[in-house]
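Here it is, the structure, as structure tokens.
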Amino acid sequence: TVLTDDAQLCDGEQTTLSVDRFFPHMQWYREEQPILNDTLHYITASEAGLYGIAVIDEHGCPGSGSITVTVASPPEPVISYTGSANFCVESDIKLDAGSGYQSYQWFKDGEILPNANKCFYMAGEAGTYTVSVSNGNCSGSSAPVSVTGSSPVAISADKEPVICSGDAVLFSTGTAVS
């Protein structure tokens, strides 16, 4: 009897366990308990445990095999940053998903950021950022982080002002814009 190698699944996934051929008599087991009505040469497994099969071939010879199925939870990366998620256009905020994952993909406003596949991303634009990571077996995504930004203020005058040392200068932005 042949079963595939042990199976590693992510939570919510399933796999098909099978033997190499049909036998006249077959019974699958999970944790040494018979799985009712599973007398086919394959079953679908989505729960962790030790799965086994007992068979009798056309000559009356018994056989058996087993396989361990493990189920892992998907990774849950957390985006961190130092200071405020507010920035001026001339600066960036370092968003960090932490190390230890095999792959990273950053998103801004739900769109893939090309070539943004490191454990950190330097956000230079306002938007909502997330990161998807993989630990080799499972993938997971972070909660969104909103980054807000503002443009530097440009000041202009009708004529060149003359400002003497010690003079006070009042700047007004006029109407507030949000």
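The values are calculated or read from the model by the stated rules, or taken from the named source; none is laboratory data. Given the structure is predicted, the values throughout are model-derived calculations rather than measurements. With ideal geometry, Cβ positions are generated from the backbone for all residues, glycine too; neighbour counts draw on all protein chains shown. Side chains are part of the model used for accessible areas, which takes the heavy atoms of the whole protein and leaves out ligands, DNA and RNA. Shrake-Rupley method; radii C 1.70, N 1.55, O 1.52, S 1.80 Å.
Could you do me a favour and compute the accessible area per residue for the range 35-140, 1.4 Å probe, result in Å²?
For the range 35-140, the solvent-accessible area averages 58 Å² per residue.
Keeping all protein chains in position, work out how much accessible area Arg30 exposes to a 1.4 Å probe, and write it in Å² to the nearest 10.
Probe radius 1.4 Å; accessible area of Arg30 about 70 Å².
So if I place +1 on the C-beta of Lys and Arg and -1 on the C-beta of Asp and Glu, and nothing else carries charge, what would the dipole magnitude of the range 1-100 be about its Cα centre? I want it in debye, nearest 20.
100
Specify which residue in the list Ser18, His41, Pro77 is farthest towards the positive end of the charge dipole of the range 1-149, using unit charges on the beta carbon of Lys, Arg (+1) and Asp, Glu (-1), about the Cα centre.
The one lying farthest along the dipole's positive direction is Pro77.
Sticking with this structure for a sec: Can you give the Rg to Rh ratio for the range 1-61, taking only C-alpha atoms and Rh from Kirkwood?
Rg divided by Rh gives 0.97.
Express in Å², to the nearest 10, the accessible area of Lys94 obtained by rolling a 1.4 Å probe over the protein heavy atoms while all chains stay in place.
100
Still on this structure: Separation between the Glu111 and Ser99 pseudo-spin-labels, each 7 Å from Cα along Cα→Cβ, expressed in nm?
Placing both labels 7 Å beyond Cα along the Cβ direction yields 3.2 nm.
Place a +1 charge on the Cβ of each Lys and Arg in the range 61-111 and a -1 charge on the Cβ of each Asp and Glu, then give the dipole magnitude about the Cα centre in debye, rounded to the nearest 20.
260
Quick one: if the Förster radius is 45 Å, what FRET efficiency do Thr44 and Tyr81 give, using the C-beta to C-beta distance and rounding to 0.05?
Here the calculated transfer efficiency is 0.60.
Students sometimes get this wrong: rank His25, His41, His59 by accessible area, probe 1.4 Å, all chains present, largest first.
On the way: His25 110, His41 70, His59 145 Å².
Accessible-area ranking of His25, His41, His59, largest first: His59, His25, His41.
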